[in-house]
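Worksheet: one structure, shown below.
The values are calculated or read from the model by the stated rules, or taken from the named source; none is laboratory data. Note that the structure is predicted; figures quoted are calculated from it, not measured. Counting neighbours? That spans all protein chains shown, and the Cβs are built from the backbone with ideal geometry, glycine included. The protein model used for the area step is the full one, side chains on, heavy atoms only, and it has no ligands, DNA or RNA in it. Shrake-Rupley method; radii C 1.70, N 1.55, O 1.52, S 1.80 Å.
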Amino acid sequence: MRRLFLAYILLLTVALNPAKIAAQTVVHIADPATWSTSEMSKYVGQTVRFDVPFYVCNNYYHHSGQYQISSRRLFSPTNQALPASDDYNSLIALNDAGEVTVTGISDYHRMGEQILNLTVKVTSRSSWQYVSGKFSGNKRTDLSKGVPTLDMKGEHTLLVCAFNLEYFLVENLGQGSQGPATPDLQTRQQKKIQEALGKIRADIFGFVEVEQGQEALKKLAEMLSRETRKHYTWIEDGMSANGTYTKSGYVYCTETVEPVGTMRNNETGVRNRKKMMAFKELETGEVFIFSLNHFKAKSGTGTGDDADQGDGQGIFNGTRKKEALSVISDISTACSFYQDPDVLIMGDLNAYAKEDPIRILTDGGMTDLHRYFHADSSYSYTFHGHAGYLDHALANSSMLRQVTGMQAYHINSDEDDRFTYDGYDSDLTMFRCSDHDPVIVGLSLGNIIEPTDKVKMTIIDGELVISNADDGFYRIYNTMGLMLYEGKIVNNSFAIPHYLQGLYIINVYTDGQVIQKKMMIL
């Protein structure tokens, strides 16, 4: 590990032009998590180079060479802090204070890409002219290889995916304000989605925002069968109604799983969008319950407790709270109905991690898998350049012990909207096939590993030492949830880069467990 970090620092050094370094001011940001553009006032008119990475936060105006960047990834405040709390207000201020407009970048870059060795001409404290830099990470080429590592606690035997398809219509084209309006656009939408499904290759899909009736689910099963060369079918929910109004539904691979019993509908709040179904893994005979949900959206006009309360949770929070309570209430009944205790809740809940509906679920005994596996760095959706997750995965205690990992597959949220099937720069790749990232969970049913407390983490002479975690891996996050480093634990230690100082969150994944610790690096 020491060699890895030394090579990384050496790479940063040799990549710079020594002649340019002499003519530039090197700016050190002591704490990227709280850095403000006000610190740049003294550099106006100068060319400066930063010794910490920056991140693309918004690429909406990329066609004109303009991007919004920051020394940290900007998150939606209620994804990180309780609504209307002091931390929530602080995050709003930090987001506003840390965003910079940079012009003169010629290539397209996705949100979340990291910029190393960033050199700019400072025209004002929050407006810079790009000179040079090295973009890395979160690129299309990386994601085209497939879903990032899911096996954080052992090997999975099943994959479960929840995916908002942003109005997947196969009939009634052009009859509503959403979805493809013509057969040509419909074909383009399907081509982009089919490529994404072929990369994911889950055993069970829970789709939301698919057209009512059965034809949309049938089409998705056909697309999956064609793309994966396996046989997929769908859960018939008895609905005969068609229209552009959407529902939720299940598609599964008949070669690996089969449904158990009949599907249960929960009609609290928005109808046809909260369902439960049990599935049995054919190889092991193990069963789990998959609760698929799509809660009421934040758009529209609400009254009473559905009116915008000004706390960051938006409109219809009252309805979403009722939906969350109804899902929790249904779990015990469903466990009895399906005669199995293991429950996985997934879907687009239209609420960020710290909002009331999600806290109702976690207070009800569910574990947020985004935070369990990824600290505060997880996201599946971006809005005005702020990342967060509306698409959730939560497990009850017995299910959690059988979850090997969870990942949002960032093929959509970090893309410019112009790449949609009907967008200005539309292409036929899987990227921006929806406005939400698919969320994928790995399962190893029946393989329950009890956690231990043998793993220890200490800092000795500038090295992070991780004991009793051979063959596991680590991740280091800052307090804003940004993942800084990750790697496999081979020699039990690695050198800490010289510029890392402050409070950090360290996750270690080993022996069927996740160990999280906050550590101060001085």
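So here's what we get for this one:
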{"item": "Residue satisfying all of: in region 334-352; among the hydrophobic types (A, V, I, L, M, F, W, C) and open to solvent by less than 10 Å² (accessible area, probe 1.4 Å); farthest from Phe75 (Cα to Cα) among these", "result": "Ala334"}
{"item": "Qualifying residue in region 263-275 (condition: open to solvent by less than 60 Å² (accessible area, probe 1.4 Å), at pLDDT below 95 and of a type in the set (A, V, I, L, M, F, W, C))", "result": "yes"}
{"item": "Selection count where residues are modelled with pLDDT of 75 or more and assigned to a loop (DSSP other than H, G, I, E, B), scope region 490-506", "result": "0"}
{"item": "Filter pass, Ile360 being over 21 Å from Ala202 (Cα atoms) and of a type in the set (Val, Ile, Thr)", "result": "yes"}
{"item": "Single unsatisfied condition, Lys321 versus (1) surrounded by fewer than 18 Cβ atoms within 10 Å (Cβ to Cβ); (2) out of contact with any strand residue (DSSP E or B) (no Cβ under 7 Å at 6 or more places or on another chain); (3) modelled with pLDDT of 95 or more", "result": "(1)"}
{"item": "Filtered residues of region 285-318 (kept if open to solvent by 40 Å² or more (accessible area, probe 1.4 Å), among the charged types (D, E, K, R) and touching a helix residue (DSSP H, G or I) at 6+ places or on another chain (Cβ under 7 Å))", "result": "Lys296, Asp305"}
{"item": "Meets criteria (out of contact with any Ser or Thr (no Cβ under 7 Å at 6 or more places or on another chain), of a type outside the set (D, E, K, R), on the phi < 0 side of the Ramachandran plot and not in a loop (DSSP other than H, G, I, E, B)) for Thr301", "result": "no"}
{"item": "Candidates Asp348, Asp356, filtered to the one that is over 22 Å from Ser85 (Cα atoms) and either among the charged types (D, E, K, R) or touching a Pro at 6+ places or on another chain (Cβ under 7 Å) (or both)", "result": "Asp348"}
{"item": "For Gly238: the one exception among (1) assigned to a strand (DSSP E or B); (2) surrounded by fewer than 17 Cβ atoms within 10 Å (Cβ to Cβ)", "result": "(1)"}
{"item": "Leading residue by the ranking (most open to solvent (accessible area, probe 1.4 Å)) among those in region 433-459 that are at pLDDT 95 or above and in contact with a helix residue (DSSP H, G or I) (Cβ under 9 Å, 6 or more places away or on another chain)", "result": "Asp435"}
{"item": "Verdict on Asp414 being open to solvent by 10 Å² or more (accessible area, probe 1.4 Å), under 27 Å from Gly98 (Cβ atoms) and among the charged types (D, E, K, R)", "result": "no"}
{"item": "Residue within region 81-94 that is without any contact (Cβ under 8 Å) to a residue 40 or more places away in the chain, surrounded by 15 or more Cβ atoms within 10 Å (Cβ to Cβ) and either under 20 Å from the mean Cα position of the chain (by Cα) or part of a strand (DSSP E or B) (or both) present", "result": "yes"}
{"item": "Residue in region 64-76 that is without any contact (Cβ under 8 Å) to a residue 60 or more places away in the chain, outside any loop (DSSP other than H, G, I, E, B) and β-branched (Val, Ile, Thr) present", "result": "yes"}
{"item": "Qualifying residue in region 281-296 (condition: in a loop (DSSP other than H, G, I, E, B) and over 27 Å from Asp203 (Cβ atoms))", "result": "yes"}
{"item": "Qualifying position, being more than 20 Å from Ser413 (Cα to Cα), at pLDDT 90 or above, touching a strand residue (DSSP E or B) at 6+ places or on another chain (Cβ under 8 Å) and open to solvent by 20 Å² or more (accessible area, probe 1.4 Å), among Gln68, Gln46", "result": "Gln46"}
{"item": "Any pair with Cβ under 6 angstrom, 6 or more apart, that starts in region 356-379 at a residue that is part of a helix (DSSP H, G or I) and ends at one that is of a type in the set (Ser, Thr, Tyr)", "result": "His370/Ser378; His370/Tyr389"}
{"item": "Residue count for region 371-397, restricted to those that are polar (S, T, N, Q) and at pLDDT 95 or above", "result": "3"}
{"item": "Strands (runs of 3 or more DSSP E) enclosed by region 101-186 - at least 3 residues per element that are open to solvent by less than 30 Å² (accessible area, probe 1.4 Å), within 26 Å of Tyr421 (Cα to Cα) and modelled with pLDDT of 95 or more", "result": "158-168"}
{"item": "Inter-residue pairs, beta-carbon under 8 Å, first open to solvent by 10 Å² or more (accessible area, probe 1.4 Å) and in region 202-220, second acidic (Asp, Glu) and in a strand (DSSP E or B), 6+ apart", "result": "Glu209/Glu166; Glu209/Asp348"}
